[in-house]
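Heads up, the thing below is written out as structure tokens.
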């Protein structure tokens with residue numbers, strides 16, 4: 001997994017998004033075992049407390065679960081993964097709309113662009 | 001109980017107030033950035049915590065005690081400048097640290113030195129500046145201390161060495177220990193910090209969890225620092 005952090009969003013929130021993306025894209029398939037908190041923290045170059053917080057949040061959202069002694073795993077629940085995909089897509093759409101709005105694009109212009117690569 | 005607590009802590013050098021009524025407490029299990037521009041009082045604060053200076057007013061307490069023999073057992077200190085005898089080799093240093101500190105874990109130090117391919121038989125003066133600094137950090141981090149006080153651990157080293165230092169801090173971190181590191185290179189360290197303390201002209205101007213600052217202000221700690229300390 002590639003770890004890049006930027007801007008003003010809290011680090012833990014950026015980790016949550018990065019892991020979510022890895023799960024949705026299949027890089028971390030359903031049932032895959034996650035590395036330990038310390039290994040992940042080392043890999044991402046972040047504070048272990050921050051990594052722990054991100055994993056707890058992913059757990060709260062149902063994307064990963066903990067087996068008491070055996071570690072942390074990606075959920076096998078396809079519905080949860082689909083919901084995460086929609087949520088991430090919603091975020092990208094919002095970013096897209098903001099950027100296009102700044103360019104002065106109307107929704108109809110955007111649709112034309114998306115559908116046909118047409119000049120607007 | 002807080003591992004480190006300052007109460008109305010002041011230190012003057014003649015007419016210069018290096019620290020002026022500093023109040024804060026640091027809990028166990030945190031990695032804390034002591035951030036401020038040059039001359040803001042960072043090194044003075046760390047020296048006070050080590051008992052190398054005495055307060056002009058107020059108190060600094062480690063585990064509720066004034067700095068002294070007992071607190072030095074719990075505190076592992078990386079000074080701003082190298083303090084190690086240059087004629088010693090890393091192997092000799094490990095013996096030296098083992099004699100001085102009951103909590104020194106030689107196996108940990110050996111493993112880190114081996115990973116960096118540092119010749120443990122070479123005298124420090126024959127190592128590069130970067131390797132000398134790494135040896136010193138390894139000695140400091142190989143202690144099983146409760147409080148690590150690192151004064152500018154990443155100043156003056158290249159980006160790869162910076163990564164090594166930060167990963168050493170993360171990998172040696174244990175949930176009951178606290179790390180306080182001073183620096184003015186915020187962008188490099190902000191990912192590893194739980195809390196930040198901004199210090200300027202001897203006063204604490206901001207103390208908060210790093211992610212909380214990012215969340216509330218929508219900016220990186222580095223950006224916030226640049227705004228607070230705009231010249």
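Every number here is computed from the coordinates shown, using simple stated rules; none is lab data. Just so we're clear, the structure is a prediction, and the values are computed from it rather than from any experiment. FYI the Cβ positions are ideal-geometry reconstructions off the backbone, even for glycines, and counts take in every protein chain you see.
Quick check: from the Cα gyration tensor, does segment B:4-228 come out rounded (a/c under 1.5), prolate or oblate?
prolate
Identify which of A:16, A:93, A:24 has the largest mean-square fluctuation in a Gaussian network model of chain A, with springs joining Cα atoms closer than 10 Å.
Among A:16, A:93, A:24, the largest mean-square fluctuation in the Gaussian network model of chain A belongs to A:93.
Does segment A:1-48 classify as rounded, prolate or oblate by the C-alpha gyration tensor (a ≥ b ≥ c root eigenvalues; a/c under 1.5 gives rounded; else a/b over b/c gives prolate, otherwise oblate)?
Oblate, because a/c is 1.5 or more while a/b does not exceed b/c.
Kindly put B:162, B:143 in sequence by how many other C-beta atoms sit within 10 Å of each C-beta, fewest to most.
The most exposed by this proxy come first: B:162, B:143.
Output the 0 to 90 degree angle, nearest 10, between the alpha-carbon long axis of helix B:106-115 and the longest principal axis computed from the alpha carbons of chain B.
80 degrees
Taking the Cα centroid of segment B:146-180 and of segment A:1-41, what is the distance between the two, rounded to the nearest whole Å?
Taking the Cα centre of each part, segment B:146-180 and segment A:1-41 sit 23 Å apart.
How far is it, in nm, from the label point at residue A:6 to the one at residue A:59 when both lie 7 Å from their Cα along the line to the Cβ?
Inter-label distance under the simple model: 3.2 nm.
Using a Förster radius of 22 Å, what is the FRET efficiency between residue B:184 and residue B:28 based on their Cβ-Cβ separation? Nearest 0.05, please.
0.25
Can you tell me the relative contact order of segment A:11-116? Whole percent, Cα pairs under 8 Å, sequence separation 6 or more.
28 percent
Rank the residues B:87, A:3 as a footprinting-exposure proxy: fewest other Cβ atoms within 10 Å of their Cβ go first.
Ascending Cβ contact count within 10 Å gives the list B:87, A:3.
Over chain B, what is the relative contact order in whole percent, taking alpha-carbon pairs under 8 Å and six or more residues apart?
Relative contact order here is 28 percent.
Take chain B, connect every pair of alpha-carbon atoms lying under 10 Å apart with a spring to form a Gaussian network, then pick out the residue of B:51, B:95, B:41 with the largest mean-square fluctuation.
Highest fluctuation of the listed residues: B:95.
What is segment A:1-69's relative contact order, in percent, from Cα pairs under 8 angstrom and six or more apart in sequence?
34 percent
Compute the helix-to-body angle for A:78-102: its Cα long axis versus the longest principal axis of chain A, expressed 0 to 90° and rounded to tens.
The angle comes out near 40 degrees.
May I ask you to sort A:108, B:40 by Cβ crowding, counting other Cβ atoms within 10 Å and putting the fewest first?
Exposure proxy ranking, most exposed first: A:108, B:40.
Which value in nm describes the separation of the simple spin-label points at residue B:201 and residue B:7, placed 7 Å from the Cα toward the beta carbon?
With each label placed 7 Å out from Cα toward Cβ, I get 2.8 nm.
To the nearest Å, what is the center-to-center distance of segment B:1-69 and segment A:44-120, using C-alpha atoms only?
The distance from the Cα centre of segment B:1-69 to that of segment A:44-120 comes to 43 Å.
Quick check: from the Cα gyration tensor, does segment A:11-116 come out rounded (a/c under 1.5), prolate or oblate?
Prolate.
Mind telling me which of B:113, B:34, B:181 comes out most flexible in a GNM of chain B, alpha-carbon contacts under 10 Å?
Fluctuation is largest for B:113.
Taking the alpha-carbon centroid of each part, what is the distance from segment B:96-122 to segment B:188-214 in angstrom?
Segment B:96-122 and segment B:188-214 have Cα centres spaced 32 Å from each other.
Please give, to one decimal in nm, the separation of the simple spin-label points placed at residue B:87 and residue A:66, each 7 Å out from Cα toward the Cβ.
Spacing of the two 7 Å Cα→Cβ label points: 5.4 nm.
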